[in-house]
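Step one of this worksheet: look at the structure below.
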Amino acid sequence: MVSSELPEAVVEDILSRLPVKSLKRFSCLNKSWYTRFQNSCFIAKHYHHSSQKNSSILVCGLETLDHKIRKRALSLHPNLDDDNFDSGIILDTPFFTGEDIKLQCIVGACSNGVICLQACTRGDYFYSFVLWNPVIREFKVVSPLPVQFPANIDCQHTASGFGYDCNSNDFKVVTILTYWDVTGYSLIWDPRVVLHKHVEVYTLGTDSWRQINCDTISDIHIFGGCCEIYLNGAYHWSGRPKEKDYNIIVSFDMSNEVFGILSMPDLNNISHFNQIWQALAVLGNCVASVVYNICALEKTFDIWVMHEYGVKESWTKQYVIGPLSGIRKLVGPANSGHILLLGDKIFLVEDNGQVVVYNLNAQQIKNVQVSGHPLYYVTQAIAYVESLVSITGRNVIEN
């Protein structure tokens, strides 16, 4: 234990570098330290030190028994090296109970130590959401969407996003719905059907949803559940304008609550464009796009980086990986089509579900053992940085 004779500033600096598990244990022994650990300045300092360390990996996968899928499960792997998602800890999810609600995916990325989980509920058109800090075991079940459509209106969930509003020091969830009048039509893809969008934003501080303007994206098909990232206070999805043959990036600023449009890299010289997949990623704190042919038996991954945010001309092809055989998809924040880039490493999934890591600088590929789990077919993986941020107590990381 830290000596009381040490200067206060030194004591705080030492404590701010310790893992959350140790701090939670110390808070039970010393009341003044418990108070200290609730202080927003200490929380920010601790989070800063945590973010400088190697990220843990939060994995969502399909738990199997006798080669049969049982359910989706989450595990946290604190120490990642080149060969292992080592010391995997299976995470208890007490907010998903019973057969009527099922975990679907992690929404986006970790934000200040908090993650957002999306679940589907039997008999409900809309998804459910849970905000969760797994290391301090606090969670908040988000209130249901206050949206009701008339009987002649059908709808579907298009996309979700999660992030942190640094202006109000609050967490937000955005959800995009698509709806249409079913009168006289039986299929959503009937060319006569007119699609509309409805967007709601949830704010943790008020525990409420609000409808916001979405005219900017009214004629854009957003690829929800894949091809999305969170970067510098804005959520990003891939999308395609109506009646166009190219993709774009749709952004949503968590503070201003406005949508924006960014260009993708120019791929006009690529043949078989309808077979090309463009997965969004974050590389060097920049928006990146990983381009590959989803039908190719041997896949080549082109990694493009937007070096100046919002400037189309700043897109540069920075890496070319492959061709690689036996690779099925990328590993990342949501369904197939996402990518996890950590430093100089890119994570991929083989045809058999095995995770492999490719070192961009060394240009070497290695198998990654997902240990500590009875599965495991990996469907998602995100970088996780632990924090003391409370969801229920409402302490925050102040700027």
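How many residues, within segment 96-142, are assigned to a loop (DSSP other than H, G, I, E, B), of a type in the set (D, E) and modelled with pLDDT of 75 or more?
Summing the residues that are assigned to a loop (DSSP other than H, G, I, E, B), of a type in the set (D, E) and modelled with pLDDT of 75 or more in segment 96-142 gives 0.
Hey, any hits in segment 64-78 for a residue that's at pLDDT 75 or above and farther than 25 Å from S160 by Cβ?
No, there is no match, as no residue in segment 64-78 is at pLDDT 75 or above and farther than 25 Å from S160 by Cβ.
What is the residue count in segment 278-308 for residues that are in contact (Cβ under 8 Å) with a residue 60 or more places away in the chain and open to solvent by 70 Å² or more (accessible area, probe 1.4 Å)?
Matching residues across segment 278-308 total 0.
Can you work out which of the residues in segment 171-198 that are modelled with pLDDT of 85 or more and of a type in the set (V, I, T) is farthest from V258 (Cα to Cα)?
Within segment 171-198, the match that is farthest from V258 (Cα to Cα) is T178.
Taking the condition of being assigned to a loop (DSSP other than H, G, I, E, B) and surrounded by 12 or more Cβ atoms within 10 Å (Cβ to Cβ), how many residues in segment 197-217 meet it? Can you show your working first?
Step one: of segment 197-217, the residues assigned to a loop (DSSP other than H, G, I, E, B) are 204-207, 213-214.
After this cut, where a residue has to be surrounded by 12 or more Cβ atoms within 10 Å (Cβ to Cβ) as well, the list is 204-205, 214.
Counting residues in segment 197-217 that are assigned to a loop (DSSP other than H, G, I, E, B) and surrounded by 12 or more Cβ atoms within 10 Å (Cβ to Cβ) gives 3.
Among the residues of segment 44-55, which ones are modelled with pLDDT of 75 or more, open to solvent by 20 Å² or more (accessible area, probe 1.4 Å) and of a type in the set (S, T, Y)?
Selection gives Y47, S51.
Say we look at segment 218-257 and pick out the residues that are open to solvent by 20 Å² or more (accessible area, probe 1.4 Å) and in a strand (DSSP E or B); which of these is farthest from N268 (Cα to Cα)?
Per the criteria, the residue is D253.
Tell me, please, whether a residue that is touching a helix residue (DSSP H, G or I) at 6+ places or on another chain (Cβ under 9 Å), over 28 Å from N361 (Cα atoms) and modelled with pLDDT of 85 or more can be found in segment 264-279.
No, there is no match, as no residue in segment 264-279 is touching a helix residue (DSSP H, G or I) at 6+ places or on another chain (Cβ under 9 Å), over 28 Å from N361 (Cα atoms) and modelled with pLDDT of 85 or more.
The values are calculated or read from the model by the stated rules, or taken from the named source; none is laboratory data. Since the model is a prediction, treat every value here as computed from it, not as a measurement. With ideal geometry, Cβ positions are generated from the backbone for all residues, glycine too; neighbour counts draw on all protein chains shown. Accessible surface areas use protein heavy atoms only, side chains included; no ligands, DNA or RNA. Shrake-Rupley method; radii C 1.70, N 1.55, O 1.52, S 1.80 Å.
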